[in-house]
1. Percentage of Cα-Cα pair distances in the stretch 138-274 greater than 26 Å, rounded to whole percent?
2. Could you provide, to the nearest whole Å², the per residue accessible area of the stretch 219-350 with probe 1.4 Å?
3. How long is the stretch 18-97 along each principal axis, judged by its Cα atoms, biggest number first, in Å?
4. Filter the cross-link list 91/305; 141/222; 91/234; 2/22 down to pairs whose alpha-carbon distance in this structure exceeds 18 Å.
5. Counting only residues 5 or more places away or on other chains, whose amide H sits under 5 Å from the amide H of residue 205 once H atoms are built in the peptide plane?
6. What ³J(HN,Hα) values, in whole Hz, does the Karplus curve 6.51 cos²θ - 1.76 cosθ + 1.60 give for the stretch 128-139 when θ = phi - 60°, with x put for Gly and Pro?
7. If you take the charge dipole of the stretch 111-270 about its Cα centre, with +1 on Lys and Arg Cβ and -1 on Asp and Glu Cβ, which of 166, 147, 133 is farthest toward its positive end?
8. Search the structure for amide H atoms under 5 Å from the amide H of residue 22, placed 1.01 Å from N in the peptide plane, and list their residues when 5 or more places away or on another chain.
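The values are calculated or read from the model by the stated rules, or taken from the named source; none is laboratory data. As the structure is a computational prediction, the values presented were derived from the model and not from experiment. Virtual Cβ from ideal backbone geometry, glycine too; neighbours counted across all protein chains shown. The accessibility values were calculated without ligands, DNA or RNA, using every heavy atom of the protein model including side chains. Shrake-Rupley method; radii C 1.70, N 1.55, O 1.52, S 1.80 Å.
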Amino acid sequence: MKSFTNTIDGHAVPSARTFESKNPANGEAIGLVPHSEPAQIAQAIAAAKAAQPGWGALPDAKRREHLERVADALKSNATYLAEWVTREQGKPLGGLGPDQVPGALFELAGCEAWTRVPASLELPVETVFEDDGRRYEVHRKPYGVIAAIAPWNWPLLIAIWQIVPALRAGNTVVIKPSEYTSIGTLEMVRIMAEQLPPGVLNTVSGPGEVGAALVDNPQIDKIMFTGSGSTGAKITAIAARHLTPTTMELGGNDAAIVLADADPAAIAMGLFWGAFINMGQTCAAIKRLYVPESLHDAVVDELRKIATAMPMGDGFGADVVMGPVQNRMQFDKVSRLVEASRRGGGEIVC
């Protein structure tokens, strides 16, 4: 079984301790992930700290050129990385056309786009107020070293959302992937870092203790986190000790509303994928559905027909459009929610 490495200061860095990454479709171990030691976390932060002044001082056009090369590399390696997403996160390989359910290839297309578009943007000085005596300007300046913690539901795309705007503005980054989906993110960062000066983009991998050590380091200038509210609260408490700025995207409980003049057959597929895109593992997915009583039975019946006919299984399977729930923790959580609904008087339709 292959052992993967972190990227620190432009070098592949293994760890003495490793843990298995598993395919959620069948439970098979698919690779060994480094469990970063405290010294390696400090090394990654130090590398980012040393690289930041030079990266931040580059002419803006040069940073944009680097990011364009990163986008090119993501495009060239899209299939390789998408296969890791399917293998490790579970979403089907999917496609990009209008009739394709967004899957791993869709995620990689997003990675390229969310790199290429920021690379194309100008960052001019903005005058927000001016009169005879005053002039207020907005200058975009880097924070310094960004600690980023990525989730397991969109492990590459959300990592890109954390990394690329930070790099665009002249920051350097140390990112920790989720321990459930480490390999794809580690491999993506390895490919990206080849197009960047050493130390500009680094990884540390491991369980929650690694993330805690990363955000608790006083050399971190800003924290970015996407994940659960409970973990966000812990990070906030750590950040408060150092007065470290944070940007967080936490869980949601989003609703959809069906209006009285809706056609249940016409809207059912949109409602289904609004809830179950990425196997339902998306922050903005529908968790609650409000339906007029007059349409209730028809809407439920249309959704039942779609759900029972939906091809499910291993994301590499032919015609599979719904993969597995990514990890046992989340599976158990969903199962508890279903059982609580049953105990509360809810009917399990399928």
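1. 32 percent
2. 60 Å²
3. Projected onto its principal axes, the Cα set of the stretch 18-97 covers 48, 42, 13 Å.
4. The pairs that break the limit, which is 18 Å between Cα atoms, are 91/305; 91/234.
5. Here 36 satisfy the definition.
6. Result, rounded to whole Hz: 9, 7, 7, 9, 5, x, 9, 8, 10, 10, 9, 10.
7. 147
8. 30
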